[in-house]
Structures are given as C-alpha cells and as structure tokens.
1. For SER48, which sequence-distant residues (separation of 5 or more, or a different chain) have an amide H within less than 5 Å of its own amide H, given hydrogens modelled in the peptide plane?
2. Could you tell me the convex hull volume per residue, in Å³, taken over the Cα atoms of the chain?
3. Given points 7 Å out from each Cα along the Cα-Cβ axis, report the ALA37 to ALA190 separation in nanometres with one decimal.
4. Got a sec to turn the phi values of the range 369-376 into Karplus ³J(HN,Hα) couplings, 6.51 cos²θ - 1.76 cosθ + 1.60 with θ = phi - 60°, whole Hz, x for Gly and Pro?
5. Rounded to the nearest 20 Debye, what is the dipole magnitude of the range 132-201 about its Cα centre when Lys and Arg each give +1 and Asp and Glu each give -1 at the C-beta?
6. Treating only the Cβ atoms of Lys and Arg (+1) and Asp and Glu (-1) as charged, compute the dipole magnitude of the range 4-103 about its Cα centre; round to the nearest 20 debye.
7. Which aspartates and glutamates have a Cα less than 12 Å from the Cα of LYS124, not counting those fewer than 8 places away in the same chain?
8. Roughly speaking, what is the centre-to-centre gap between the range 381-437 and the range 333-379 when only Cα atoms are used, to the nearest Å?
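Every read-out reported here was derived from the displayed coordinates using simple, explicitly stated rules and does not represent laboratory data. Everything quoted here is computed from the prediction, not taken from an experiment. Note that each Cβ is placed from the backbone with ideal geometry, even for glycine, and that neighbours are counted across all protein chains shown.
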Amino acid sequence: MFEKILIANRGEIALRIHRACKEMGVATVAVHSTADADAMHVRLADESVCIGPPSAKESYLNIPAILTAASVTGADAIHPGIGFMAENAHFAELVSEHGFTFIGPAPEHIRIMGDKVTAKRTMKEHGIPTVPGSDGTVPSLDFGKALARKIGYPVLIKAAAGGGGKGMKVARDEKGFEEAWTLARAEAKAAFGNDEMYIEKYLDHPRHIEIQLLGDYHGNCVHFGERDCSIQRRHQKVIEEAPSPALNARERDKMGGLSAKVASEIGYHGVGTMEFLYQDGEFYFIEMNTRLQVEHTVTEMITGIDLVREQIRVASKAPLGYTQKDITFEGHAIECRINAENPNTFVPSPGKIENYHAPGGLGVRVDSAIYDGYVIPPYYDSLIAKLVVQGKSRNEALLRLRRSLGEFVIGGVETLLPLHEKIINQPDFINGDYDIHWLEKMMEETPKKNGKAVAGAE
Ligand code: ADP
C-alpha cells in the first residue's frame, strides 16, 4: 500500500479522496492554486504545496508543477480526482515515467475511451449496443447531410473529443443541419482544440443509465449496479439516483454483467463507468468515463462500499478479494448537486458564504468543502456541495431528501437549492417518471415573472 498520496485536485472531491486516504492510514499532500490557499482540502491535508496562480491552466493543469510537488514531498502515488488531469493519458504516462503510481486506469484505456468514436467502435466489437449513427467521424458537411437523411432526423452532431455536454447540437431537419454542424464544430474546437465530429440518432425520450465498474490488475472485474442520471440541464447532470426507477432486476443484471464482462475482456483496471441511453426497453452505449464520477456517492450509499478506497487498493495492485455475488444493494439513494449558480439561468454565483448550515441525521451525507466565511473563487467549477440521502425505499429516500433540503442553509451566494426543492415536489419526479429532456421542459413551463422564470413558484 502507498504511504503518501498527492491529490491533484480541489474542492469537495479533493476532500473526499483525503478522507479515504486517512481511513487507510495513508498520508496526503494537497496541491492548490493561490486562489485556494484557504481551501478545506489544503487545511486538512498532511502537507500542501502551492502550484501556481488562480488560472487552472497554470496550476491544476500544470503538469511540471504537479510532478515537482510529488517529488519534493516524497509522494508515491497521484490521485487525479475528477476533471483537470483525470482523463489525460499523457499525464498518466508522465506520472509513471517519473516513478509515481497513477491512481486510475492504463493510459491506453484513457486514450481509447477519450476518443468517443474509437470508444463506440470498441464497444460495438465487444457486443455492446450503441446508438445508431455514423461509422466513425464525419469528414464533411455534405457527407453529414447525406448520412443524417439515411439515419433519419432528428440527429445529434457530437464532438469526438466531447465532454461536459460541450460540442453537441441537435439538427431537427435538413434545413437546420448546416447551422447545427457549424456551431457544434466551433464549440468543439474552442473546448477541445479538436473539431472532429460524429453523428447519432437523437433519441427523444431516453433515460441516462450508467453502470459503475471496478477492475483489478488480475483480470477481475465487477459492477456495482446502475445510476439513473436523467435529471439534466444542457446535457449535464443535476440529480442522480440508484437504483433506477425504470429498470427491472433482469435488465440490471444483464447490463451490469455485460459491462463488467467487456471491461474485463479489454483488461480494464481501476474505477470506470459505462454510460448508456435507455429507451423503450433498449440500451445504447454513449461513452465510458475512465475515472471516478461525481455521483459515485449514490452507489456507495446503497452498497456500503467506499469506491475511492477500492480505487486506491486496486491501483496498489491488490486483488479485488470479492466477486460479483458479494456485492449487495440496500434501499435507495438520491443525490442533489448543489452548484453556486442562479437556479433559473445557471449563471455562476461565486462569492462569500455568509451563513452555512448543513443537514444531518440518519441516512444523510453531505460532501462539501465549503464553510462559513469561505469565498468561492470564480475560476473553477460551480459545484459546492453534494447532498446524498439513503432510505429503505425510494419513498423513504424522497421524504428524507425533502426534509434535508429544508434544513440546508447556504447564504451569501445563489445556489440550486430552490431548484432541487421544486424538482423533488413534482409528481413526475415523485413517480420516477422522467427522461433526459424532462428538467428543461419543466423549467420552460415554470411561470414567468417579469420575463424571468422563477424556480419554486407554483
Ligand atoms: P459528454 O461526454 O459531453 O457528457 P455524452 O455522450 O455522455 O457527452 O452525452 C451527454 C448527455 O447528452 C447524455 O446524458 C444525454 O442526455 C445527451 N445525449 C447524448 N447522446 C444522445 C443521443 N444520441 N440522443 C439524445 N440525447 C443524447
């Protein structure tokens, strides 16, 4: 086992990883930008190193600074967290070349899955169903148009290097194709420096269902069931729950089993998630994330397994030590992502937390790195807290969530708390009857006041 792990991240996820390390008796090193000198992960880590100015490019994405920090502190492994360096195959390679362990999968797997076209092709070859669409990247506008006609409108134009819902546009008919193509390519170029595109049939009422996987270096691979992440805005997740209200036990076992089998066939090690769209009883693979995910917490709540601990264990080459039948599920868990954003427009709302009170009690977990008086810097992701609840049934989890949201106080900045309160009181949500388009439709239907939508209004 490692003696000291450098956590190359910030915010709640840096703290989450620190917690797992401490419980394993592993020392931690925090790295931070000058904007994060007062951050909780810096305060709690055993050691900390400032790696640059506020801009992520010069700090959390600064490879020489991170490797130097690992070297001067004598760390033996680097955990990349979520975002920043987590899916950068080059970084993973450099980490190993410099004598540290990268806590994540092999660079080769990061590379295959990072190119969504190669990822889809690989999955198809292994018998995993994919969304009908182009066979590879689309070389030109005219080629794309001809293909879209063949697939049938509406189609989704997607960036091969995509992530975070960026570089993705719907074309509803041939008239709208050129505009969607141009916009998606420009967005992809700006976000990823790569404007290679592919096309998929646009599914009009799917759910987003993903399977949590874990593989070791010895060929063992298990799944931890699914998460339903269909409550989204702009293709980004807002609420996640497990198990999915839409799946039956047979579908769960089938998709979980197939995903774990393929992960094992490709020799995958580490945590990973296969993401699917699910519509009319059919599953379609969309991508694989080769890292920990924000919503891993809902899986932890229903399995009682610390996934970060498992991730660190397998990175140290320890065997899993258990099999699929040892993984059991208990009750239901729901997570709300609490971003510092306007709940109607999603415009970020950085600033000073004036008043902070987190809910608690049986079955309630808050993963957050904020505190009273903390100043949320404007430079990074706006996720400031995750509220996760667990109950014996979905109904118990919902009641607990409603109670916990009512206790949560975050003053001084705008947050998504009012939006969450609104969502969880909608009959469709209560009945588990929603798809990936539901939240945006609900927000459009929200009564307008002074030309602005008002979350929480009845
Ligand atoms: P990213 O890597 O940017 O997150 P994904 O491929 O994972 O992109 O897709 C993100 C979200 O976009 C999905 O959860 C879903 O809501 C939507 N989406 C992706 N592909 C399709 C599709 N073919 N039809 C309808 N919606 C889609």
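1. Under 5 Å from the amide H of SER48: ALA30.
2. In the chain, the Cα hull volume divided by residue count equals 142 Å³.
3. For the pair ALA37/ALA190, the computed spacing is 3.3 nm.
4. Each residue of the range 369-376 in turn: 10, 8, 7, 4, x, 5, 9, 6 Hz.
5. Rounded to the nearest 20 debye, it is 160 debye.
6. Roughly 200 debye, rounded to the nearest 20.
7. Straight-distance partners of LYS124: ASP135, GLU287.
8. Between the Cα centres of the range 381-437 and the range 333-379 lies a distance of 13 Å.
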